[in-house]
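The values are calculated or read from the model by the stated rules, or taken from the named source; none is laboratory data. This structure is a prediction, so every number in the text was calculated from the model and none was measured. All Cβ positions, glycine included, derive from the backbone under ideal geometry; neighbour counts span all protein chains shown. When the accessible area is computed, the model is the full protein with side chains, heavy atoms only, and any ligands, DNA or RNA have been set aside. Shrake-Rupley method; radii C 1.70, N 1.55, O 1.52, S 1.80 Å.
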Amino acid sequence: IQGLCPSDYAHQIGDYLDIGYTHLALGGLVPRGDAEVRDIVRLVYERIKDMRIRPWIHLLGIYRPTLQSDFRKFGVNSFDSATYFRKAWLRSGQNYLGADNNWYAAIRVPPTSDGRTLIRLRESGLSDKMIQRLEQKALQALRRYDRRAISISDCLKSLRDYDSLLARAETELKDLDEAYRRTLEGRPWRNCSCAMCKAIGIDVLIFRGLNRNKRRGAHNTLQLYRKVSEWQS
């Protein structure tokens, strides 16, 4: 069901129930503000609350933390959202949701196997062999830091030696340094019991290719599921 205004959603409920539908999804909610979404679910609830057979209400593609209590109060049964999954690679400072409910930045080590990345790296004037050596040194530094074999300063230096080849602005490099330090100091992958973190450790925090990024997205989605389960208990 979609509508131009909140009342449109409620007015259509009867038509769908007459056809025989028992599960209804409310769509077109993503661009709407919290107040309007609240009005939609409230009016739908008012329409169905006294029905002998109440339909299952699902919200398409929307998760609003501030509205969870309203969703429960107004009889929303389920929702889906790709927000936490996509944050794994779309938000520079919020890529990994820790078990402590804090967001952490993923650590970017762009792969030289990606043609477009390699073109940018070559602009540094270094040979492909040297670029690949710095790439591997950055990856090794992260794994050695995870084993507590090197200091955080040494790890960050290896990361910057490689990342600086991408000709980022100095302010951007400084921001990345601060975000990476917070991630490394927090060691959030060590405090998580999910299958992704257990299987690949610090690699779940490395921003590099679809495999790692989607595993991080799966971790985030699991964290969301756990949060919602806690609210419902």
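Structural remarks
- Dividing the Cα radius of gyration of region 61-114 by 2.2 N^0.38 Å, with N the residue count, gives 1.53.
- Centre separation in Å (Cα based) which lies between region 180-233 and region 160-177: 24
- Taking 7 Å steps out from each Cα toward its Cβ at residue 118 and residue 42 produces label points 5.8 nm apart.
- Cα shape, region 1-140, gyration tensor, a/c 1.5 rule: prolate
- Label separation (residue 83 vs residue 60): 1.8 nm, computed from points 7 Å beyond Cα along the C-beta direction.
- R0 of 41 Å, Cβ-Cβ distance residue 164-residue 70: FRET efficiency to nearest 0.05: 0.30
- Local charge for residue 29 was computed over the other residues whose Cβ lies under 15 Å away, with Lys and Arg +1 and Asp and Glu -1, and equals -2.
- In this structure the chain gives 54 Å² per residue of accessible area when probed at 1.4 Å with all protein chains present.
- When peptides 50-62, 33-45 are ranked by their average number of other Cβ atoms within 10 Å per residue, the highest-first order is 33-45, 50-62.
- Accessible surface of region 116-233, 1.4 Å probe, proportion on carbon and sulfur as whole %: 48
- Cβ-based charge dipole, the chain, positive-most Cα from 85, 9, 26: 85
- Computed FRET value (nearest 0.05) for residue 126 with residue 182, which takes r as the C-beta separation and R₀ as 35 Å: 0.75
- When the pairs 137/174; 129/157; 49/87; 73/198; 129/214; 73/214 are compared against a 31 Å limit on Cα-Cα distance, 49/87; 73/198; 73/214 fall above it.
- Of 123, 178, 135, the one that fluctuates the most in a GNM where the chain has Cα springs shorter than 10 Å: 123
- Share, in percent, of DSSP beta bridges within the chain that are antiparallel, nearest 5: 20
- Sequentially through region 66-74, phi angles give Karplus couplings (6.51, -1.76, 1.60; θ = phi - 60°) of 6, 9, 4, 5, 5, 4, 5, 4, 9 Hz, Gly and Pro residues having no value and appearing as x.
- Difference of contour (0.36 nm per residue) and Cα-Cα distance, residue 103 to residue 200: 33.0 nm
- Placing pseudo-labels 7 Å out from each Cα toward the beta carbon at residue 157 and residue 133 gives an inter-label distance of 1.7 nm.
- For the set 117, 183, solvent exposure ranked by accessible area (probe 1.4 Å, protein chains only) runs largest to smallest as 117, 183.
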